[in-house]
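Taken together, the values in this text are just the output of simple stated rules run on the coordinates, not laboratory data. What you see is a predicted model, and the numbers here were worked out from it, not measured in a lab. FYI the Cβ positions are ideal-geometry reconstructions off the backbone, even for glycines, and counts take in every protein chain you see.
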Amino acid sequence: MKASSVFRAGEWVEVRSKEDILRTLDNRGQLEELPFMPEMFEFCGQRFRVFKRAHKTCDPPNGFGGRRMLHAVHLEGVRCDGKAHGGCEARCLVFWKEAWLKKVDDETESGAKPQQASIPDARFEGRRGCTESDVVAGTRSRDDRENSGEQIFICQSSQLSQATQPIQKWDLYQYAEDYLSGNVPLLSLLTTFLLFVYREIESAGLGLGSALRWVYDIIQRLYGGTPYPWRIGKIAAGATTPSAKLDLQPGELVRIRNYNEILPTVNENGYNRGMSFDPEMVPYCGRTYRVLARINQIINEKTGKMQRFKNECIVLDGVVCMACYARYRRFCPRSIYPYWREIWLERVGPNTSSSNGADLAAARR
């Protein structure tokens, strides 16, 4: 099966010029149903290292399965700032179609003058493409532009169901590409699949669940690893869950409470006041991080409408979803910021050193 992109994780690329990119887009500002967003123009002409190949992704509003995308990558540290989308604060990792990029060879990377940008693909020769105004107009739905009602936004995240295809549960090639693309080391693939088998046995109703969880925790404790991440919250479903008010601000250091401290704050379904505590958050428990932001509003990916949070919602610097435990979308490279309730955190002194999310991700590989 052919690889979904010519780029691999770790390679250097240059974002093509605005003119070249506009030529690849239709009159909606999209290529292969994926929008090129106004927030991306500022990166034209700049060089970045490929973070991961975006051959697959998640689309939570439309189900828990994985989605396949062609000809796309994520670049290191390039996230949407939401300025053209009503101030959305989701900070999504941007998707880049390979037609918008060109590979930087060793000579160019070392500082030599880059070659003149060329048309990315023969498909776009002589094509008019679209204008920058078309790209800006493409951030709002036609219904929004024609009616004076609530704004309906269009962004890469809201278009994922159109820009991708579902991955079948039994499709093993996705994992081969995880490895061949440089996204995931072989050891991580093997250990994650061993954990998958372990989880299947633990939850199979054979009466071994309690013993297997105990053994898992003992082994992980010996090696400084993560406790068993599939635990049931202590509060009955439908009952009120507790809160705490710390009024945390960006830049402050916090320690994420231990998993056994968090379980009494969530219900049997893993929720605290409507926000889930996901197994993907467990590896960060007990570590110290810096507050990146308080999130007040994000675009609802399913409706395109701006969603405003009633309760506190915190994101932490370097703390992203690593997709280690997701049943049908393991190793999703999207690296979404998980949201934290203040009751799951505790403020620590300024002299405390913070943990490094990248180091944790590397350690789990």
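Quick look at the numbers
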read-out	value
Ranking of Ile201, Ile299 by count of other Cβ atoms within 10 Å, fewest first	Ile201, Ile299
Surface/4 of the Cα convex hull for the range 249-315, nm²	5.3 nm²
Sorted by Cβ density within 10 Å, fewest first, the residues His55, His85	His55, His85
Sites Arg8 and Ser141 - FRET efficiency at Förster radius 35 Å, r taken between beta-carbons, to 0.05	0.50
Point-charge dipole on Cβ atoms (K/R +1, D/E -1) for the chain, about Cα centre, debye to 20	600 debye
Share of alpha-carbon pairs per 10 Å distance bin for the range 232-364, given as whole %	12, 41, 39, 9, 0
Shape box of the chain [Cα atoms, principal axes, largest first, Å]	66, 48, 44
Cα→Cβ-extended label distance, 7 Å offset, between Arg127 and Glu200, nm	4.2 nm
Integer Hz, Karplus 6.51/-1.76/1.60 couplings in order for the range 27-40, x for Gly and Pro	6, 9, x, 10, 10, 6, 6, 9, x, 8, 8, x, 4, 8
Net lengthening on full extension, Asp26/Arg308 (0.36 nm per residue, minus Cα-Cα)	98.3 nm
DSSP-loop trypsin sites (Lys or Arg not before Pro) across the range 141-246, with at most 12 other Cβ within 10 angstrom	Lys169, Lys245
Whole-number Å³ per residue for the convex hull built on Cα positions in the range 194-304	157 Å³
